[in-house]
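Enquirer: Handing you a structure now.
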Amino acid sequence: MNVELLRTLDNIARDKNIDRESIFTDLEAAMESAARKHFGSTEEVDVKIDRETGEITAFLAGEQIDIRQLGRIPAQTAKQVMIQKLREDERGSIFAEFQERVGEVVAGSVARFESGTTIVSLGRTEAILPRSEQIPGETHHPGERIRAMIYEVKEAPHQVKIILSRTHPDFIRRLFEQEVPEVADRIIEIRALAREAGYRTKVAVNSLDNKVDAVGACVGVRGSRIKNIVDELGGEKIDIVRWNESSQIFIGNALRPSEIREIALCFELNRATVVVSDDQLSLAIGKRGQNVRLAARLTNWDIDILTPPEYSQGIETLIKTLRSVERIDDTTIDKVMALGIISVLDLEEIGPEPLIHSLELDEELAVNMVKTAAEEARRLAESKGAATAAQAVLAQEVSKGKPARKPDLASLVSSVTIDNSNDNQDESPARGDNGSLETEASSEEDRDKKSSTEETE
């Protein structure tokens, strides 16, 4: 009984997570290759290993041979073949194991760095954490323990590539499952998630048990649970949002901590118009538009933030425009606004089809409504362009020291037509230098007063 051989094969199978039968098959194939090379024969070589005793029997052209008498060179051949087959089996085992674990959070240690890519040791294999999947501003050092999500597993020549990610939104989901038992037990659902890695994340949660507060359970006692997740992400802000079936309530929750006055939904355009007071505008939009951008991704709605004057002006312009169309009464206008259309731009964008099907208007009337709204929208755009051109003309004259005057309509039109290609160049200095222009104008007045005083003296 070849106990040593059986023990060795069992150790290899356990350490490399390879099927024991596959190792026996590989060893038999390696010995057959070595025997054919030794005898230089085209005759069939058959090697069998007893799975119970480990005894080896070999036959060449039907005659039994002693495989141990082949010599050093055939033994070296058998060794090389065996190593190659074991590596192939190990790669197959690694691929099968990690392919099933895609989306799972694993822990490893940083091994080294290669051109910005972090190589992470996972024990029996290594994984890569590309620069694009690393949290911005985060740094690691060799030997550091790190957690990441298995993002993708694919086979490459002579290796298995395991790609990790710390920026994927599902990484947040898996961390919540580890830190919040109610999420792991499916008592609390994560219904939606929007993330800008390294900066801010919004998570919409819903409780399936009326006795469990979804937001409170995720935050934990004195924020203990959410703090562990934030620390793992290097200080990334996480907003826990309460899910609601009502889109209006859900959008309002997603835009917190800002206070919402009114929300108008246009299902045809999948657009939500949110009205906030002036002091809440910057809070609703967030730094560089981050709050409203994440809220839009969380709710799957296009969100427009307006102040009450802007909202009222859009409504008034729409009502005035629709009243100028024949056969349009206040009831029809109310129905149009009930669709979430709050400006002539919305009416132009939505087109006549929804008006025909939803409001049961005849095609001619719907087309006239959209056409009139489009003309009004174009007129407003031209007026806005003329006003911008007027600001540019005034700014240029003041900067040259000339007395400010209001340009007439002809000059405005000509300036818009001529300087159309240089709008951005003209507008930006005018907007950016208002403070300095006013200072120069006041300085000019001071100099005039001083000169008149000196002449009087």
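Enquirer: When a/c reaches 1.5 or more, the comparison of a/b and b/c decides; with that in mind, is region 1-124 rounded, prolate or oblate per its Cα gyration tensor? Could you put the intermediate results ahead of the total?
Expert: Values: a/c = 2.99, a/b = 2.22, b/c = 1.35.
Taking the square roots of the gyration eigenvalues as a ≥ b ≥ c, region 1-124 is prolate.
Enquirer: So, one more: Please say if region 116-253 is rounded, prolate or oblate, where rounded means a/c under 1.5 for a ≥ b ≥ c the square roots of the C-alpha gyration tensor eigenvalues, and otherwise the choice is prolate for a/b larger than b/c and oblate otherwise?
Expert: Details: a/c = 2.14, a/b = 2.04, b/c = 1.05.
Taking the square roots of the gyration eigenvalues as a ≥ b ≥ c, region 116-253 is prolate.
Enquirer: Something else now. Cα centroid distance between region 189-235 and region 242-287, in Å?
Expert: Cα centres, region 189-235 to region 242-287: 20 Å.
Enquirer: With labels modelled as points extended 7 Å from the Cα through the Cβ direction, what inter-label distance (nm, one decimal) is found for residue 25 paired with residue 290?
Expert: 5.4 nm
Enquirer: Would you mind calculating the gained length between residue 83 and residue 16 on full extension (0.36 nm times residue separation, minus the Cα-Cα distance), in nm to one decimal?
Expert: Working: separation 67, 0.36 × 67 = 24.12 nm, distance 1.24 nm.
The span from residue 83 to residue 16 would gain 22.9 nm if fully extended.
Enquirer: Taking a ≥ b ≥ c as the square roots of the Cα gyration tensor eigenvalues, with a/c under 1.5 meaning rounded and otherwise prolate when a/b beats b/c, else oblate, which class fits region 101-167? Could you put the intermediate results ahead of the total?
Expert: Values: a/c = 1.41, a/b = 1.32, b/c = 1.08.
It comes out rounded by the Cα gyration axes.
Enquirer: Under the 0.36 nm per residue contour assumption, what length would be gained going from the current alpha-carbon distance of residue 310 and residue 4 to full extension? If you can, show how the numbers build up before the last one.
Expert: Values: separation 306, 0.36 × 306 = 110.16 nm, distance 8.56 nm.
Going from the current span to full extension adds 101.6 nm.
Enquirer: Starting at the first residue of region 148-157, write each ³J(HN,Hα) from the Karplus equation 6.51 cos²θ - 1.76 cosθ + 1.60 with θ = phi - 60°, in whole Hz, x for Gly and Pro.
Expert: For region 148-157, the Karplus curve yields 8, 9, 6, 8, 7, 10, 9, 8, 10, x Hz.
Enquirer: Still on this structure: Between residue 156 and residue 334, what length comes free when the chain is fully extended (0.36 nm per residue of separation minus the Cα-Cα distance, one decimal in nm)?
Expert: Values: separation 178, 0.36 × 178 = 64.08 nm, distance 6.25 nm.
Using 0.36 nm per residue and subtracting the Cα-Cα distance, I get 57.8 nm.
Enquirer: Can you tally the net charge around residue 374? Count Lys and Arg as +1, Asp and Glu as -1, for every other residue whose Cβ sits under 11 Å from the Cβ of residue 374.
Expert: Working: positive: 371, 378, 379; negative: 348, 349, 375, 376.
Its environment carries a net charge of -1.
Enquirer: Starting from the 7 Å offset along Cα-to-Cβ, what nm value, one decimal, do you get for the label separation of residue 189 and residue 267?
Expert: Inter-label distance under the simple model: 2.0 nm.
Enquirer: Between region 293-330 and region 1-49, what's the alpha-carbon centroid distance in Å?
Expert: 77 Å
Enquirer: If you don't mind, there's one more thing I want to ask. For an R0 of 45 angstrom, estimate the FRET efficiency from the Cβ-Cβ distance between residue 177 and residue 325 and round to the nearest 0.05.
Expert: Numbers: r = 56 Å, r/R0 = 1.25.
Given R0 = 45 Å and the Cβ-Cβ separation, E is 0.20.
Enquirer: Convert each backbone phi in region 59-68 into a coupling constant with the Karplus relation 6.51 cos²θ - 1.76 cosθ + 1.60 (shift: θ = phi - 60°), then list the ³J(HN,Hα) values in order as whole Hz, x for Gly and Pro.
Expert: 10, 10, 6, x, 9, 6, 10, 8, 5, 6
Enquirer: Something else about it: On a 26 Å Cα-Cα criterion, which of the cross-link pairs 85/161; 154/227; 16/161; 202/335; 227/287 come out too long?
Expert: Numbers: 85/161 19 Å; 154/227 34 Å; 16/161 17 Å; 202/335 35 Å; 227/287 22 Å.
Violating the 26 Å limit, Cα to Cα: 154/227; 202/335.
No lab work stands behind these numbers, since they all come straight from the coordinates. Since the structure is predicted, the reported quantities are computational estimates derived from the model, not experimental observations. A quick note on method: Cβ atoms are made from the backbone with ideal geometry, for glycine too, and the neighbour counts reach across all protein chains shown.
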